[in-house]
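Asker: The following block contains the structure, expressed as structure tokens.
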Amino acid sequence: MAKCALHPGRDSAAVIFGTNYCKACEDGIDAARALVDKHVVPKECFIWYKSNDNWQPIGGTGGRPGTGCAHWVAHQLGVHAGSKDDKCLQGFTYRVKVLVGSRSKIADISKVKPKDIWASPTLDHTGLVLRVEPPPKPGGQPKIIIRHDSSRQGRVADNEFATFFKGAGSFYH
Amino acid sequence: MRSSRAIVLLTISARCACRSAAPPAVSSPSNPENSVAAFLKNAERQSEDDGQRREIQRGLRDMLEKSPAELRQARYQDYQGHENAWSITELLKHYFVPDPLMTLDDQRFFQEFREQAARAAIQQQLDAVDRALR
């Protein structure tokens, strides 16, 4: 009989993201998932085990979860950078600094391509380049559409770099 | 005589070995690390626009200026800008990802947010959000 990864004295009741968990953990995981905020995508793994059968949404307590922008990007690109404390239950990075630290900064905006990472100047928000359209005039700036997990808009949203993000921030391959 | 010396040496070396193998000291309940400082000092702020940053700035300033009674009454905008939606601890939990991950206990928060260690961590985060808003 397989045992719980966190409680070796207990039998496994469920396999979640490839790991065995006991019934108390399974119930705790279900309860914590229900507390993850509406804009966070994906929700199932945005939780952590605090202690003593106490599972929590990441970044919050008592049903008040935190953030999700870096976590969404990490899932899209398969980024597993950082230590255990930087990653969701499924092993994806959820801190902006760790996420962009795993990539190379793009010096020339004309080199930006879809699936590059965008991050705000102070690395407090991040998204993914969805589309790059050529500049309307030769020598101008390309139109860059960024898809991001937006707490302001309550969903994963598409917004233009030059207007919504005021043309600020950096891109990373 | 030799055997008694050997016993003494063995006892001393065993004590040393036990000491060196002991786990590192942890904060005792009577002298815990300030919970607000622990939550904020290495936390990553994740905020999307200047409206959210200004609300975080307001909350951090209130933590430096208001009394516990006043701060308990204070309310802040939520992510979408709805007024009077969150308490100060809800604001912090939504925008800051502590490192390492930890919870913020509301009762301890109001007992400890005016301590020196907390104020230093609050000021550090306030300076960072001030820079982001420039």
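Asker: How many residues does the range A:1-47 contain that are in a loop (DSSP other than H, G, I, E, B) and within 16 Å of the chain's Cα centre (by Cα)?
Answerer: Total meeting the criteria: 11.
Asker: Any idea how many residues of the range B:95-115 are assigned to a loop (DSSP other than H, G, I, E, B) and more than 12 Å from every other protein chain (Cβ to nearest Cβ)?
Answerer: Total satisfying the criteria: 3.
Asker: Another question, then. B:GLY59 passes all but one of (1) modelled with pLDDT of 95 or more; (2) buried (at least 21 other Cβ atoms within 10 Å of the Cβ); (3) facing chain A (nearest Cβ under 8 Å); which number fails?
Answerer: (3)
Asker: At least 2 residues that are surrounded by 13 or more Cβ atoms within 10 Å (Cβ to Cβ) and within 14 Å of chain B (Cβ to nearest Cβ) in each: list the strands (runs of 3 or more DSSP E) lying fully within the range A:68-173 that qualify.
Answerer: A:117-119, A:126-133, A:143-150, A:155-160
Asker: Out of curiosity, is B:GLN125 without any contact (Cβ under 8 Å) to a residue 12 or more places away in the chain and among the polar types (S, T, N, Q)?
Answerer: In short, no.
Asker: All but one of (1) under 25 Å from A:ASP86 (Cβ atoms); (2) buried (at least 21 other Cβ atoms within 10 Å of the Cβ) hold for B:PHE113, so report the exception by its number.
Answerer: (1) is the only condition that B:PHE113 fails.
The values are calculated or read from the model by the stated rules, or taken from the named source; none is laboratory data. This one's a predicted model, so the numbers in the text were calculated from it and none came from an experiment. No Cβ is skipped: glycine too gets one built from the backbone with ideal geometry, and neighbour counts run over all protein chains shown.
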